[in-house]
1. Considering segment 41-67 alone, what residues qualify as being in contact (Cβ under 8 Å) with a residue 24 or more places away in the chain and open to solvent by 100 Å² or more (accessible area, probe 1.4 Å)?
2. Residue under question is Met36, and the condition is that it be part of a helix (DSSP H, G or I), open to solvent by less than 100 Å² (accessible area, probe 1.4 Å) and free of Cβ contacts under 8 Å to residues at least 12 places away in the same chain; does it hold?
Amino acid sequence: MQGVIKFIKGWLLFSLLWGLFMWFCFWQKEGMETGMVVVKSLYAGLIYQAMTTLVARYKARRQVKPL
């Protein structure tokens with residue numbers, strides 16, 4: 001259960017930071033709607049967190065040596 005909570009926290013944190021960065025740098029100038037900003041940020045955060053988790057799990061499995 002801790003892994004799921006850690007995944008969700010990472011997802012939401014990255015989504016928030018990414019959304020703010022993209023809003024101030026690009027999306028505000030383009031006049032993008034707020035709802036679309038939230039959706040795009042959540043998708044980006046989900047993809048980023050999934051890839052981060054996959055890499056971490058891969059590294060953890062490589063370090064475990066069978067007896």
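The values are calculated or read from the model by the stated rules, or taken from the named source; none is laboratory data. Note that this is a predicted model, so its numbers are computed, not measured. In this analysis, Cβ positions are derived from the backbone assuming ideal geometry, glycine residues included, and neighbour counts consider all displayed protein chains. Surface areas here come from the heavy atoms of the whole protein model, side chains and all, with no ligands, DNA or RNA. Shrake-Rupley method; radii C 1.70, N 1.55, O 1.52, S 1.80 Å.
1. Tyr48
2. When the stated conditions are applied, Met36 passes them.
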